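Structure, as C-alpha cells:
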Amino acid sequence: MTWLETSTENCTVQRTLDLVGEKWSLLLVRDAMNGVRRFDDFRRHVGLSESVLTDRLRKLVAAGIMRTVPYSEPGSRTRHEYRLTRKGWDLWPAMMALKQWGDRYTADPEGPPLEVAHRECGRPVEAVVVCPAGHGTLTPPEALTRPGPSAHPATAPAR
C-alpha cells in the first residue's frame, strides 16, 4: 500500500493538530514550557482575549496536555495555575523543532529572540531525527515511511 492508497482518517499528525495545531494553543504550550502558569500572565504575554484564552486552556486541560493546580494568595480566593502534564512535556521535541526551523528561516537579522542551551555545557540544543539502533542522525532520504499496524486502504472518491 502506498501513501496515496492509505487512508488519512486515523492520521496521528492530523489528530495531533486537532489538539494543538491551532496557533494560540501552541503559544500557550510554549509559554507553559517557559514557566508561565497563571491565567493573567498567559493573557498578558500571549495577548489573547479572556474568552479565547479560557477556551484554549479548557481544551488543553481536556486533552490532558495541561492540568490545573489550585493556589491562593493571602486574602484571595483559590485560583488555578496551569501546568504541563507529561503528555504536554512530550511536545518539547516538536516545539524545539519548530523553534529551530523558525530560527533558521524567520528570525530577525540579529538572530533568534530566545536561545535554548544544554544546562551542563552551555551549547545550543538541536532537534534531530536519530536511529535508535545507533546509526546516528538521519536525513529524509535515509528514512523509510511505510504503512503501520493501523493503516487501512483509502476509500475511493465519490463520483
Distance between region 107-152 and region 1-15 - C-alpha centres, whole angstrom: 23
Backbone HN-Hα couplings from phi across region 89-104 [Karplus 6.51/-1.76/1.60, Hz, Gly and Pro as x]: 5, 5, 7, 4, x, 5, 5, 5, 5, 5, 5, 4, 5, x, 4, 6
Distant-in-sequence amide H partners of residue 154 (H built 1.01 Å from N, under 5 Å): 6, 7
Table column - 3J(HN,Hα) (Hz), region 67-78, Karplus curve with 6.51, -1.76, 1.60, x for Gly and Pro: 9, 9, 10, x, 8, 8, 9, x, x, 10, 6, 5
Built amide H within the under 5 Å cut-off of residue 81, gap 5+: 69, 71
Relative contact order, percent, the chain [alpha-carbon distance under 8 Å, six or more residues apart]: 26
Note, ³J(HN,Hα) from phi for region 142-154, Karplus 6.51, -1.76, 1.60, rounded to Hz, x at Gly and Pro: 8, 9, 10, 9, 9, x, x, x, 9, 5, 9, x, 5
Efficiency of FRET from Cβ geometry, residue 68 and residue 133, R₀ 41 Å, rounded to 0.05: 0.50
Calculated FRET value between residue 10 and residue 83, using beta carbons and R₀ = 22 Å, to 0.05: 0.15
Alpha carbon centroid spacing (whole Å) that separates region 75-103 from region 23-71: 8
Charge context of residue 23, other residues only, Cβ under 11 angstrom, K/R +1, D/E -1: +1
Amide H contacts under 5 Å for residue 66, placed H, 5+ residues apart: 61, 85
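Where a number appears in this text, it was derived from the coordinates with a stated rule and is not lab data. These figures come from a predicted structure and were not determined experimentally. Cβ atoms come from the backbone with ideal geometry, glycine included; neighbour counts cover every protein chain shown.
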